[in-house]
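**Student:** I'd like to ask you about the structure that follows.
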Amino acid sequence: MANIMLIANLNCDRVVQLDKPLTTGGRHHYKDCGRRLGGGGANTGLGLVWAGHNVSLVSQVGCDKTADWLLAEAGLHGLNCGLLHRNDVATPELLLIMTPDGERTIIRPERPKFVLGTPPDFSRWDALYINSSAEGCAEWAKEALEKTLVIAQLAKDERKRPCHVLITSKSDLEGRSELEAWDYALTIAGDALQYFIVTDGADGAVAYTADGCFSIPAVNCKVVDTTGAGDAFASGLINGLVNQLPIEDAMEEGAKWASFAVATQSSIPGDALKQYLS
């Protein structure tokens, strides 16, 4: 069992199922499918909990009933929420607009500023994963680099992400830089970077290194809901790395976890992943 810290969002997702693909100016019928636990913290963390790890979440929620529901759900699923911050802002629902082909559109309000405090002692942690716009993430990552494995998602902007493993999707990377993939990743992650992994849905994933690149295929499956696929890939990758798997094997594990995620009508991992891990 590894001690894993996640700096990631914990969301209350409101799922709306459309009768046909979303089009600009179109008219659609929808079904309100209720709310569910979501966000990168839940989507990444639950699989790691099921794999037997101790997972602590660093995030922020409000002090309202929605936040209480989030904390209760997360705790029931085994996530350690002792490091969560609570603010006095109402916790909004995040809208997930789902279409019959499994694709989704996310609509959310602006999040309140989240500022991380003094970095903890990372020597007791086996991995730190960063997927958050919180201020102070770079400082926490720098503090952790010499003490534990640091994995990070490429941010939506050009903020620094000091880490050993940087992850993004091909769609998020497009148009970001004229540099070669590895050279661009170094500008974000710094000299400690070992692998830059770019996922590409049904086409698998590519890992760039200082010496070249290699790829792994996706796992064939029926796509029901693509929400959380990237989080599930990261979760499987982290599980492989903390279990000392070679990077290619860890990426293949990530692809397998992602296949369970897209075949499940949920953003958090489903029963198929739980059964696989048992």
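The values are calculated or read from the model by the stated rules, or taken from the named source; none is laboratory data. What you are looking at is a predicted structure, and each value in this text was computed from that prediction instead of being measured. For neighbour counting, all protein chains shown are included, and Cβ atoms are generated from backbone atoms with ideal geometry for every residue, glycine included. We work out accessible area using only protein heavy atoms, side chains counted, and drop any ligands, DNA or RNA first. Shrake-Rupley method; radii C 1.70, N 1.55, O 1.52, S 1.80 Å.
**Student:** Per q in 0.10, 0.12, 0.17 Å⁻¹, report the Debye log10 I(q)/I(0) for region 119-262, using one uniform scatterer on each alpha carbon and no solvent.
**Tutor:** With no solvent term, the Cα-only Debye profile gives -0.31, -0.45, -0.93.
**Student:** Under the 0.36 nm per residue contour assumption, what length would be gained going from the current alpha-carbon distance of LEU83 and GLU158 to full extension?
**Tutor:** Between LEU83 and GLU158, full extension yields 24.3 nm more.
**Student:** Expressed as a rounded percentage, what relative contact order does region 79-234 have, with Cα pairs under 8 Å and six or more residues apart?
**Tutor:** Here the relative contact order equals 16 percent.
**Student:** Here's a follow-up. Evaluate the relative contact order of region 112-175 (contact order divided by residue number), counting alpha-carbon pairs under 8 angstrom at least 6 apart; express in whole percent.
**Tutor:** 29
**Student:** So how strong a dipole does the chain carry about its Cα centre when Lys and Arg Cβ are +1 and Asp and Glu Cβ are -1, to the nearest 20 debye?
**Tutor:** 840
**Student:** Hey, another quick one. Over the chain, what is the relative contact order in percent, taking alpha-carbon pairs closer than 8 angstrom and at least six residues apart?
**Tutor:** 17
**Student:** Shifting gears a bit: Tell me, what ³J(HN,Hα) does each residue in region 179-184 have, in order and in whole Hz, if you take phi through Karplus 6.51 cos²θ - 1.76 cosθ + 1.60 with θ = phi - 60° and put x for Gly and Pro?
**Tutor:** Values, residue by residue: 6, 4, 3, 5, 5, 5 Hz.
**Student:** Tell me the carbon and sulfur percent of the accessible area for region 1-129, rounded to whole percent, probe radius 1.4 Å.
**Tutor:** Whole-percent figure for carbon plus sulfur exposure: 51.
**Student:** Please compute one quarter of the surface area of the Cα convex hull for region 39-162 and express it in square nanometres.
**Tutor:** It is 8.8 nm².
**Student:** Right, something else. Once Lys and Arg get +1 and Asp and Glu get -1 on their Cβ, which of VAL49, GLY254, TRP182 lies farthest toward the positive end of the dipole of the chain?
**Tutor:** VAL49
**Student:** What range in the chain is the longest one free of GluC sites (Glu not before Pro) that are in a loop by DSSP and have at most 16 other Cβ atoms within 10 angstrom?
**Tutor:** The reported range is 1-102.
**Student:** Right, here's the next one. Per-residue ellipticity at 222 nm for the chain, helices alone: DSSP H runs ≥ 4 residues times -39500 (n - 2.57), over residue total, nearest 500 deg cm²/dmol?
**Tutor:** Theoretical 222 nm ellipticity from helices: -8500 deg cm²/dmol.
**Student:** What is the distance in Å between the Cα centres of region 98-127 and region 174-224?
**Tutor:** Cα centres, region 98-127 to region 174-224: 20 Å.
**Student:** Work out how much length GLU180 to GLN194 would gain on full extension: take 0.36 nm times their residue separation and subtract the Cα-Cα distance, in nm to one decimal.
**Tutor:** Contour length minus Cα-Cα distance gives 3.5 nm.
**Student:** Lysines within cross-link reach of LYS31: Cα-Cα under 27 Å, excluding same-chain residues under 8 positions apart?
**Tutor:** LYS20, LYS65, LYS222
**Student:** Using the crude model of +1 on Lys and Arg Cβ and -1 on Asp and Glu Cβ, and no other charge, please compute the dipole size for region 31-154 relative to its Cα centre, in debye to 20.
**Tutor:** 140
**Student:** With r as the distance between the Cβ atoms of THR118 and ALA202 and R0 = 45 Å, compute the FRET efficiency 1/(1 + (r/R0)^6) and round to 0.05.
**Tutor:** Plugging the Cβ-Cβ distance into 1/(1 + (r/R0)^6) gives 0.55.
**Student:** Quick one, what does Rg over Rh come out to for region 104-149 if you take C-alpha atoms and the Kirkwood Rh?
**Tutor:** Here the Rg-to-Rh quotient is 1.09.
**Student:** Something else: List, in order, the whole-Hz ³J(HN,Hα) value for each residue of region 34-51 obtained from phi through the Karplus relation with A = 6.51, B = -1.76, C = 1.60 and θ = phi - 60°; use x for Gly and Pro.
**Tutor:** Here the 3J(HN,Hα) series is x, 9, 8, 5, x, x, x, x, 6, 4, 7, x, 5, x, 5, 4, 5, 7 Hz.
**Student:** Using only alpha carbons, build the gyration tensor for the chain and give me the equivalent ellipsoid semi-axes, biggest first, whole Å.
**Tutor:** The three semi-axes for the chain are 27, 23, 19 Å.
**Student:** For region 152-242, what is the charge dipole size about the Cα centre, in debye to the nearest 20, if Lys and Arg each add +1 at the Cβ and Asp and Glu each add -1 at the Cβ?
**Tutor:** 280
**Student:** Where only protein heavy atoms count, and the probe is 1.4 Å, what is the accessible area per residue for region 43-114 in Å²?
**Tutor:** I get 48 Å² per residue for region 43-114.
**Student:** State the extension gain, in nm to one decimal, for the chain segment bounded by THR105 and VAL223, taking 0.36 nm per residue of separation less the distance between their alpha-carbons.
**Tutor:** 40.9 nm
**Student:** What residues qualify as long-range amide H neighbours of LYS160, i.e. H under 5 Å apart, gap of 5 or more or another chain, H built at 1.01 Å from N?
**Tutor:** Residues meeting the criterion, in which the H sits 1.01 Å from N, do not exist here.
**Student:** Still on this structure, please answer the following. Given R₀ = 51 Å, FRET efficiency for ARG27-GLU146 by Cβ-Cβ distance, to 0.05?
**Tutor:** 0.35
**Student:** Follow-up question, since we're still on this one. Please list 3J(HN,Hα) in residue order for region 246-251, calculated via the Karplus relation 6.51 cos²θ - 1.76 cosθ + 1.60 where θ = phi - 60°; whole Hz, with x for glycine and proline.
**Tutor:** Those phi angles translate into x, 4, 5, 5, 5, 5 Hz.
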